[in-house]
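Written below as structure tokens is the structure these notes are about.
The values are calculated or read from the model by the stated rules, or taken from the named source; none is laboratory data. Owing to the predicted nature of the structure, the values given are computational and were not obtained by experimental measurement. Glycine gets a Cβ as well: all are built from the backbone with ideal geometry, and neighbour counts include every protein chain shown. When the accessible area is computed, the model is the full protein with side chains, heavy atoms only, and any ligands, DNA or RNA have been set aside. Shrake-Rupley method; radii C 1.70, N 1.55, O 1.52, S 1.80 Å.
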Amino acid sequence: MIMNPEELAMGAINHALKALKKRHLLEEGAHAPAFIALSRPFASQGSEWKEKAENFELELQQCYKAQSRLSEQLVTEVAECRTAKALVQEKETLISDLQTEVTQTREECSQLKESLEEKMKGLDLVMSENKELRAQLEEMTLKAKTAEDENKMLIDRWMLQKMQDAERLNEANALYEEMMNRLKASGLEQLANQQVDGVVRQFEAGAENFAGSTVPTACKHKIPAHEGGCTSILFEYQSDRLISGGQERSVKIWDTKTGMLTRTLDGSLGSILDLTVTHDNRYIIAASSSCNLYVWDVNSGRIRHTLTGHKDKVCAVDVSRVSSSLVVSAAYDRTIKLWDLQKGYSTLTMMSHSNCNSLCFSMDGQTICTGHTDGNLRLWDITKGEVVSEVAAHSNAITSISISRSGNIILTSGRDNLHNLFDMRSMEVCGTFRATGNRLANNWSRSCISPDDSYVTSGSADGSVYVWSRFKSDIVSTLKEDYSPINACAWSGLGKPLASADKNGTICIWT
């Protein structure tokens, strides 16, 4: 049987104590006869020997005490030895664990070194490829800059030519106006108006609904319509009810006679950026910053469709004048999508070279007119899904496109603060309008043309609304109620009133 060190020490101590006791007893027994023998002959010396015996006894007791102290000291040292041994074992265990961790760390370090070497090789390869790509990019950038300079020079020359053509056309319009005045004197004014642009206007949307436009002079109602700004407005067809959309994600319908709110349409997840309404005034379609389009049923006030598919904010929308189920939209993902409201999904997607800010259908519903941030006006054939005509309309981004009631004239407005009229058939400029104080507020500032095609209206960053005569190219009215930038203008199809919306969310009804 193997005994641990503590048991061995205790055994040794017990054995030593027993040996001492035994020795003491033996010595005491051995000396007893001597004491007795000596006590007899030396009775006279008993007191002396007794004293010596007491001294020996005292020394013996001291020896016992010394022995006891040594035993206690031995026990203490054994306990300390045990504690030290346990501590040594703990240290040895800790050293073993640390050695294991060091081994693992060395292995991990080795793996990391191998991974680092691989990554360094990959980085060297990527840097080499990046260097080559940088060289190619510099070369392509140089070529692009050269092409851009050449393109800019050609555009400047072309725009100069167009400006000259516009000036000549304005002179022709002035002569035409003079002829109109002569025709008025001879009683032929009505016939002359019917022949403008080669169409008979009374038959547009029914002769009973036709009315001449009235130049507004004063603000009839000032409506705090939307918090955060009003971004889009338009009138219902052949109605004086106004539809507006704002930053707070709601669409509202107003009675312009009283200035009262008649309905609010909610459900959009983003700000309203553009609006359109079907020709039966049954559905309102809104373009939203949430990348979706929302179609509301006006009667029920509920969303009928949520059209999804664009990857960025939808900034423009229009509905066909031929089919109320055909809708077109443009977003800042450079796509133009055609939607079927009966099916509830996109039927055609067209890609553009630059973002489209505004668009509209032609009167026959076969062509889409789009205005882009590169300043170009493009016409798209929806049957082919491609551009059939393109013209550089402005030197800066186009903010607004609207088509005349006759369908023969397109009004474009741009960040170059010009408003151009284009002949839909020839794509030639047939009128240019400008004013010293007229500065468009943003890339989505909407201008409009009056229902009788006689006036062009645009808002300005200083809060003014400018009205030009289409035939004289002169300003016939300047309206101002506030200093907040104007975001949009809209003219009722009845000829009056005119409405404007500003950045503060206020709508003004002008009569």
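Scanning region 447-466 for residues that are within 15 Å of residue 417 (Cβ to Cβ) and either modelled with pLDDT under 95 or surrounded by fewer than 24 Cβ atoms within 10 Å (Cβ to Cβ) (or both) gives 460, 461, 462, 464. Restricting region 288-320 to residues that are in a loop (DSSP other than H, G, I, E, B), out of contact with any Phe, Trp or Tyr (no Cβ under 6 Å at 6 or more places or on another chain) and touching a residue at least 40 places away in the same chain (Cβ under 8 Å) leaves a set whose member that is surrounded by the most Cβ atoms within 10 Å (Cβ to Cβ) is 298. Restricting attention to region 395-412, and to residues there that are of a type in the set (Gly, Ala, Ser) and either touching a strand residue (DSSP E or B) at 6+ places or on another chain (Cβ under 8 Å) or within 20 Å of residue 274 (Cα to Cα) (or both), which single residue is surrounded by the most Cβ atoms within 10 Å (Cβ to Cβ)? So, considering only residues that are of a type in the set (Gly, Ala, Ser) and either touching a strand residue (DSSP E or B) at 6+ places or on another chain (Cβ under 8 Å) or within 20 Å of residue 274 (Cα to Cα) (or both), the one surrounded by the most Cβ atoms within 10 Å (Cβ to Cβ) is 400. Where strands (runs of 3 or more DSSP E) fall entirely within region 366-442, those with at least 3 residues that are in contact (Cβ under 8 Å) with a residue 12 or more places away in the chain and within 21 Å of residue 457 (Cα to Cα) are at 367-372, 398-403, 409-414, 419-423, 429-433.
Candidates 265, 261: the one that is within 31 Å of the chain's Cα centre (by Cα) and at pLDDT 95 or above is 265. Applying the condition of being open to solvent by 20 Å² or more (accessible area, probe 1.4 Å) and not charged (D, E, K, R) to region 467-487 and asking which residue is farthest from residue 225 (Cα to Cα) yields 471.
Here residue 214 clears all of (1) in contact with a strand residue (DSSP E or B) (Cβ under 8 Å, 6 or more places away or on another chain); (2) open to solvent by 30 Å² or more (accessible area, probe 1.4 Å) except the condition numbered (1).
Of all residues in region 261-286, which are in contact with a His (Cβ under 9 Å, 6 or more places away or on another chain) and either over 19 Å from residue 493 (Cα atoms) or among the small types (Gly, Ala, Ser) (or both)? Result: 272, single match.
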